[in-house]
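Let me begin by presenting the structure, written as structure tokens, before commenting on it.
The values are calculated or read from the model by the stated rules, or taken from the named source; none is laboratory data. Worth saying up front: this structure is predicted, and the values here are computed from it rather than measured. Reconstructed Cβ throughout: ideal geometry from the backbone, glycine too, with neighbour counts over all protein chains shown.
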Amino acid sequence: MLLTLLFHRAGFGKYANSIENLDKIFKNISDQKRLTKFPGEFLEKFKNIHYCITFDDAFFDFYLKIFPLLKKYNLKALLAVPAKYILDDTDIDNKTRLNVDIKEAFEEDVYRKKAPFCTFKEILEMTDTGLVQIASHSYSHQNLLNKNIDLDKEIIKSKIMLEKKLNIEINSFVYPMGKFNKQIHKFVQKHYKYIFRIGTAINFSWQNFNNLNYRIVCDNTKSLEEKFYFSCYLKYFLYYLINTFKGR
């Protein structure tokens, strides 16, 4: 069984967890010897619960605050990167970079003026440790269902750009805001092996029946246990059946 956990930021707010709570969550995973995996790595069926930790958007706090926790507990994480907003490097101070909320970060030239996202230099440092793997989170983090969306840019250009800048192969794609339809999904499958959405469900493989990996939202989570009571597992299994039946 595979449980894929979705996080965004270290801090406070709807899309965040305090660094203290993240420390507790990561320690819990480490103490119970729960295995963290990258997409495609071997899963022991019916023997262990495996975890895939994912963080969306590649905000600077991932590098400054979360990456040290991964090293502390020797855990792996998949970082979903919106390629357009990633600078090669920056000399903007940490305080400025940290104090940009999610909505503002994606506006106009904020990513250039305040550098709220990880830089390619920082991403390379993290991937070199073997604890962080990169997924495409599209090019400009738009809802892919919007009219006049350029799928070539959002899905293909993002992959090419990340592979060129990081000199690695990008095999995973994370749907921005979890938005897609069957036509979009068919297009994404041509370019990526592992595809992630929200879904609030367990996984029985990296791709399940619909070539989709379902993630459980863990923002604003006080402890890992509150996500994994017995009743939660029943809900996650039910959503797995519903998602599979609807092909989403």
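Test each condition in (1) in a helix (DSSP H, G or I); (2) of a type in the set (S, T, N, Q); (3) at pLDDT 95 or above; (4) within 24 Å of L2 (Cβ to Cβ) for S231 and report the one that comes out false.
It is condition (3) that S231 fails.
Can you go through F180, F187, F209 and tell me which one is touching a residue at least 12 places away in the same chain (Cβ under 8 Å) and not in a loop (DSSP other than H, G, I, E, B)?
Every option except F187 fails the conditions.
If A135 satisfies every condition in (1) assigned to a strand (DSSP E or B); (2) touching a Lys or Arg at 6+ places or on another chain (Cβ under 9 Å) but one, which is the exception?
(2)
Looking only at region 190-206, count every residue that is touching a His at 6+ places or on another chain (Cβ under 8 Å) and touching a residue at least 60 places away in the same chain (Cβ under 8 Å) and tell me the total.
Residues in region 190-206 being touching a His at 6+ places or on another chain (Cβ under 8 Å) and touching a residue at least 60 places away in the same chain (Cβ under 8 Å): 0 in total.
Among the listed residues K14, K27, identify the single one that is closer than 28 Å to F117 by Cβ, in contact (Cβ under 8 Å) with a residue 12 or more places away in the chain and assigned to a helix (DSSP H, G or I).
Being closer than 28 Å to F117 by Cβ, in contact (Cβ under 8 Å) with a residue 12 or more places away in the chain and assigned to a helix (DSSP H, G or I) holds for just one of K14, K27, which is K27.
Tell me whether region 229-245 contains one or more residues that are under 19 Å from the mean Cα position of the chain (by Cα), surrounded by 14 or more Cβ atoms within 10 Å (Cβ to Cβ) and among the β-branched types (V, I, T).
Scanning region 229-245, I find no residue that is under 19 Å from the mean Cα position of the chain (by Cα), surrounded by 14 or more Cβ atoms within 10 Å (Cβ to Cβ) and among the β-branched types (V, I, T), so the answer is no.
Take the residues in region 182-200 that are at pLDDT 95 or above and touching a Lys or Arg at 6+ places or on another chain (Cβ under 9 Å); name whichever of them is surrounded by the fewest Cβ atoms within 10 Å (Cβ to Cβ).
Within region 182-200, the match that is surrounded by the fewest Cβ atoms within 10 Å (Cβ to Cβ) is H191.
Out of Y73, Y111, I need the residue that is over 29 Å from N143 (Cα atoms) and buried (at least 16 other Cβ atoms within 10 Å of the Cβ). Which one?
Y73
Within region 68-112, track down each residue that is in a loop (DSSP other than H, G, I, E, B), of a type in the set (V, I, T) and within 18 Å of the chain's Cα centre (by Cα).
Hit for region 68-112 is I86, nothing else.
Given the residues T221, T244, which is the only one that is more than 14 Å from L2 (Cα to Cα), outside any loop (DSSP other than H, G, I, E, B) and in contact (Cβ under 8 Å) with a residue 24 or more places away in the chain?
Within the list T221, T244, the selection yields T244.
Considering only region 30-50, state which residues are part of a strand (DSSP E or B) and surrounded by 19 or more Cβ atoms within 10 Å (Cβ to Cβ).
Correct list: T36, H50.
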